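In what follows, a single structure is set out as structure tokens and then discussed.
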């Protein structure tokens with residue numbers, strides 16, 4: 001992942017609604033969600049949701065697939081992992097990070 005991609009992804013996530021949408025897709029996994037389900041669950045109007053999904057898709061953090069008559073959105077885990085890897089690799093200007101490397105995420 002290059003710097004331009006990182007900036008685009010971070011910019012997309014820097015909005016509270018987009019972060020909520022992205023988190024919902026990550027939590028839901030590979031099954032994905034349709035806009036109707038997301039709109040209802042997150043209490044977001046369809047037009048607002050559509051705008052934010054477009055931004056997340058443009059940043060490469062979300063994929064869209066047509067399934068019959070419905071669109072299914074999924075978190076793009078490869079892109080998400082690339083973003084996390086970039087941030088991890090480039091933190092602390094090459095010095096050892098202040099975070100204990102033996103600790104693990106309990107996500």
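Considering only segment 45-58, I want to know if a residue exists there that is on the phi > 0 side of the Ramachandran plot, surrounded by 18 or more Cβ atoms within 10 Å (Cβ to Cβ) and either at pLDDT 95 or above or out of contact with any strand residue (DSSP E or B) (no Cβ under 6 Å at 6 or more places or on another chain) (or both). Even if it seems obvious, please write down each step before you answer.
Taking segment 45-58 first, the residues on the phi > 0 side of the Ramachandran plot are none.
Looking for residues that are on the phi > 0 side of the Ramachandran plot, surrounded by 18 or more Cβ atoms within 10 Å (Cβ to Cβ) and either at pLDDT 95 or above or out of contact with any strand residue (DSSP E or B) (no Cβ under 6 Å at 6 or more places or on another chain) (or both), one finds none in segment 45-58, hence no.
What are the residues in segment 59-96 that are in contact with a strand residue (DSSP E or B) (Cβ under 7 Å, 6 or more places away or on another chain), touching a residue at least 12 places away in the same chain (Cβ under 8 Å) and more than 17 Å from residue 5 (Cα to Cα), if any?
Scanning segment 59-96 gives 65, 71, 72, 73, 74.
Give the number of residues within segment 64-83 that are under 15 Å from residue 8 (Cα atoms) and not in a helix (DSSP H, G or I). Lay out the reasoning, then the answer.
Of all residues in segment 64-83, those under 15 Å from residue 8 (Cα atoms) come to 76, 79-83.
This time we only want the ones that are not in a helix (DSSP H, G or I), so: 76.
Residues in segment 64-83 being under 15 Å from residue 8 (Cα atoms) and not in a helix (DSSP H, G or I): 1 in total.
Would it be correct to say that residue 100 is loosely packed, with under 10 Cβ neighbours inside 10 Å and at pLDDT below 95?
When the stated conditions are applied, residue 100 passes them.
The values are calculated or read from the model by the stated rules, or taken from the named source; none is laboratory data. Model, not experiment: these values are computed from the prediction. Using ideal geometry, Cβ is built from the backbone for each residue, glycine included, and neighbour counts are taken over all protein chains shown.
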